[in-house]
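Peer 1: The structure is given below, and queries will be raised subsequently.
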Amino acid sequence: MSGALETGQVVAIALGVAASVCDLRSRRIPNLLTFGGAAAALLFSVVSHGAAGLWISLGGWCAGLALFLPFWLLRGMGAGDVKLLACLGAWLGPGATLYAALYASVAGGAMAIVMALATGYMGEALLNVQMLLGHFFKSGLKPLPAVTLQGARGPRLPYALPIAVGAVAAIWLR
């Protein structure tokens, strides 16, 4: 990364940290943070860059929503996580949001492996992945109740943390 951070990048990092703290403490990401943050991004973008800024901010919000919405529809991710990526996307724009989602997925996978190993859940996690893939091949992309957020018995990763890491990586590696 070269040069100083831009205002939108600083705000995105701050929102990611705030969401991570909330998610770690309560397993929730407040709508005030996600929708309020996105609304602030849209307002900031239009005031600082006019209509072009508004479109870039909306594009980032839509990209964030589109990238993680399928995981929520399959009941493998909370709605707050989807709204958080959309919010950060409104600050970062569509290109950086794509990278933030990619880096968040890598960070989330690594954190999930560490959590599974630390809690002795790795064997069951691997069986769940095998069961989920078999279900998808047999029934299509439909939720499998035994491994959804509501039905799973294993440890749960507060996903705001990998999303924040992904946003920081997208900013840093741009």
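The values are calculated or read from the model by the stated rules, or taken from the named source; none is laboratory data. Just so it is clear, the structure is predicted and the values come from calculations on it, not from any experiment. Cβ: placed from backbone, ideal geometry, glycine included. Neighbour counts: every protein chain shown. Heavy atoms of the whole protein, side chains included, go into the accessibility calculation; ligands, DNA and RNA do not. Shrake-Rupley method; radii C 1.70, N 1.55, O 1.52, S 1.80 Å.
Peer 1: Could you sort the peptides 119-125, 161-167 by per-residue average Cβ neighbour count (10 Å cutoff), highest mean leading? Please list the in-between numbers first.
Peer 2: Working: 119-125: 13.4, 161-167: 25.3.
Ranked by mean Cβ neighbours within 10 Å, highest first: 161-167, 119-125.
Peer 1: Something else: Out of region 66-155, which trypsin sites (Lys or Arg not before Pro) are coil in DSSP terms and have no more than 14 other C-beta atoms within 10 Å?
Peer 2: Passing sites in region 66-155 are ARG153.
Peer 1: What does the convex hull of the Cα atoms come to per residue for region 1-69, in Å³? Working shown, then result.
Peer 2: Values: hull volume 7.3 nm³, N = 69.
It is 106 Å³ per residue.
Peer 1: Pull up all non-local amide H partners of LEU144: gap of 5 or more, or a different chain, and H-to-H distance under 5 Å with H placed in the peptide plane.
Peer 2: Those qualifying (amide H under 5 Å, at least 5 residues apart or on another chain) number zero.
Peer 1: Let me ask something else about it. Helix 160-172 against the longest principal axis of the chain: what's the angle in degrees, Cα atoms only, rounded to the nearest 10?
Peer 2: 50 degrees
Peer 1: Using the heavy atoms of the protein chains alone and a 1.4 angstrom probe, what is the accessible area of region 94-171 per residue in square angstrom?
Peer 2: Working: 4410 Å² over 78 residues.
I get 57 Å² per residue for region 94-171.
Peer 1: Averaged per residue, what accessible surface does region 37-87 expose to a 1.4 Å probe, in Å²? All intermediate terms of the calculation are to be shown ahead of the outcome.
Peer 2: On the way: 2480 Å² over 51 residues.
The answer is 49 Å² per residue.
Peer 1: Got a number for carbon plus sulfur as a percent of region 1-75's accessible area, 1.4 Å probe? Kindly include the intermediate steps, with their values, before the conclusion.
Peer 2: Working: 3270 of 4500 Å².
Carbon and sulfur: 73 percent of the exposed surface of region 1-75.
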